[in-house]
Amino acid sequence: MLDLIFGLDEVDEVAVQVLEWVKHERGQKTIPRSGPFAISLSGPMGSGKTTLIRAMGEHLGCNPLPTSPTFSLIQTYMTPKRGQVVHADLFRLRNAQEWLALDLENLAAGAVWLWVEWPEKAMDFMPEGMAHFELEACTDSTPSATLTHQRRLRFLGWAP
């Protein structure tokens, strides 16, 4: 189980750790992986979801680097050696049917990575084997939190 507390100055290291952990753990699952390595990030506005995704994109060599697709909903990026990355932000979706209308399954079919922010907007339709994470700003009640600028990233489970 992945449960990390980190400062914003450590986001690059955390991004690498998350990518490698998902690849390793997903490879250990008995369900065959037929689609991209998929990660969802839940958390309140301002918790750092896009910041973490940008750091993951930087590690993979995305060009351009990921930005928030809140208004376009989906952005795709190419990496030099690792293929296509699809980044979706579902914040503006009103219902799960809008998610289905995006036809992300077809768009992500050739991708190596799929990253989804605000997955709770269409949780029943997330791809099989997606790693669900929660990202939050630490408060005084969070264990080991010593700075208000720290974040906590917790693995919540795999999509069935």
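Every number in this text was worked out from the coordinates using simple rules, so none of it is lab data. None of the values given here were measured: they were computed from a predicted structure. FYI the Cβ positions are ideal-geometry reconstructions off the backbone, even for glycines, and counts take in every protein chain you see.
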Exercise. Which whole-number percent is the relative contact order of the chain (Cα, under 8 Å, 6+ apart)?
Worked result: 31 percent
Problem set entry | Principal-axis tilt of helix 11-28 within the chain, Cα atoms, nearest 10 degrees | 50 degrees
Problem set entry | Separation of the ILE74 and LYS23 label points, Cα + 7 Å toward Cβ, nm | 2.5 nm
Problem set entry | Residue-span extension gain [ALA137 to ALA109] - 0.36 nm each, minus C-alpha spacing | 6.8 nm
Seminar exercise, completed: When ILE39, ILE5 are ranked with the fewest other C-beta atoms within 10 Å first, the list becomes ILE5, ILE39
Exercise. So what is the 222 nm mean residue ellipticity for the chain from helices alone, if each DSSP H run of at least 4 adds -39500 (n - 2.57) and you divide by all residues, rounding to the nearest 500 deg cm²/dmol?
Worked result: -7500 deg cm²/dmol
Exercise. For labels at ASP3 and ARG92 in the simple 7 Å Cα→Cβ model, what's the distance in nm?
Worked result: 3.7 nm
For this session: In nm, give the distance between the simple-model label positions of GLU128 and LEU65, each being 7 Å from the Cα along the Cα-to-Cβ direction.
Result: 3.7 nm
Exercise. What angle do you read, to the nearest 10 degrees and between 0 and 90, between the alpha-carbon axis of helix 49-60 and the longest principal axis of the chain?
Worked result: 70 degrees
